[in-house]
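The structure under discussion appears below in the form of structure tokens.
Bear in mind these aren't lab numbers, they're just calculated from the coordinates by the rules spelled out. Everything quoted here is computed from the prediction, not taken from an experiment. Cβ coordinates were reconstructed from backbone atoms using ideal geometry, including for glycine residues, and neighbour counts include every protein chain displayed.
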Amino acid sequence: DAGITQSPRHKVTETGTPVTLRCHQTENHRYMYWYRQDPGHGLRLIHYSYGVKDTDKGEVSDGYSVSRSKTEDFLLTLESATSSQTSVYFCAISVQGTDTQYFGPGTRLTVL
Amino acid sequence: KNEVEQSPQNLTAQEGEFITINCSYSVGISALHWLQQHPGGGIVSLFMLSSGKKKHGRLIATINIQEKHSSLHITASHPRDSAVYICAVTTIITGNQFYFGTGTSLTVIP
């Protein structure tokens, strides 16, 4: 599992509240990713990071921000959650020099 | 338009059947990946291919670069093979960013 954990694993929140999801890795990998998974869409890239304080937008970045102040942690923040952000969120890392990605266990977020 | 298309979207098979899941892509790739996701579970990598064929147990993955097509085969299917199978590609231009298909949901009935 490449030492990837996500927290929380489940969260229910209300529209308009801020939410932060955490991805933690133990193996010092440079590249980290946040995806959301929705029926009919598959996995879609929200943001990714290629190093501490180096991040970039993905396909569906609107309404999300990220931060990476330490190699091991990649945070995804929903500044003001909306019902359309109800989804399962996966963090992933890629091993430098390979194309392989390893995924965290996922966080199920419900916005009421 | 999605760069990666999978078929079928849903597949039901009897235990023991030979199963094929298809993936077509429209971009230049550096590698193609097959991933597996069990219900309520995480996502694990099954294969990474840039040419030819790979085999792991009852799973076989093939790729035809000229036709931009890959297949995942499962021989002697078993109910524990029930999962969503996801095709993804990494491209020459974007390096290790993945582009995903929407997945094929497989149910194997005893």
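Brief remarks follow.
- Neighbours of B:Pro110, meaning other residues whose beta-carbon lies under 14 angstrom from its beta-carbon, give a summed charge of -2 when Lys and Arg score +1 and Asp and Glu score -1.
- With all pairs of separate Cα atoms included, region A:1-62 yields a Kirkwood hydrodynamic radius of 13.4 Å.
- From the C-alpha gyration tensor of chain A, square roots of 5λ in Å: 22, 14, 13
- Between region B:55-110 and region A:62-111, the Cα center-to-center distance that results, in Å: 23 Å
- Long-range amide H partners of A:Gly58 with built H, under 5 Å: A:His47, A:Tyr48
- Each residue of region A:20-35 was assigned a 3J(HN,Hα) from its phi angle through the Karplus expression (A = 6.51, B = -1.76, C = 1.60, θ = phi - 60°), giving 10, 10, 10, 10, 10, 10, 10, 10, 6, 6, 7, 9, 9, 9, 10, 10 Hz with x at Gly and Pro.
- Extent along principal axes [Cα atoms of region B:24-75; Å; largest to smallest]: 35, 22, 14
- Candidates A:Pro18, A:Ile93, A:Gly3 compared by Cα position along the dipole of chain A: farthest toward the positive end lies A:Pro18, with charges placed on Cβ.
- When its C-alpha radius of gyration is set against 2.2 N^0.38 Å (N residues), the protein assembly as shown gives a value of 1.02.
- Residues A:Trp34, B:Trp34, ranked from the fewest to the most other C-beta atoms within 10 Å, line up as B:Trp34, A:Trp34.
- Exercise: per-residue mean of other protein chain Cβ atoms within 10 Å, A:36-47: 4
- When the inverse distances between all different Cα atoms of chain B are averaged and flipped, the Kirkwood radius reads 13.9 angstrom.
- Shown for B:Ile93, B:Ile63: other C-beta atoms within 10 Å of each C-beta, ranked fewest to most, produce the order B:Ile93, B:Ile63.
- Near-label residues of region A:79-103 by backbone N, under 16 Å of a point 7 Å along Cα→Cβ of A:Arg30: A:93-101
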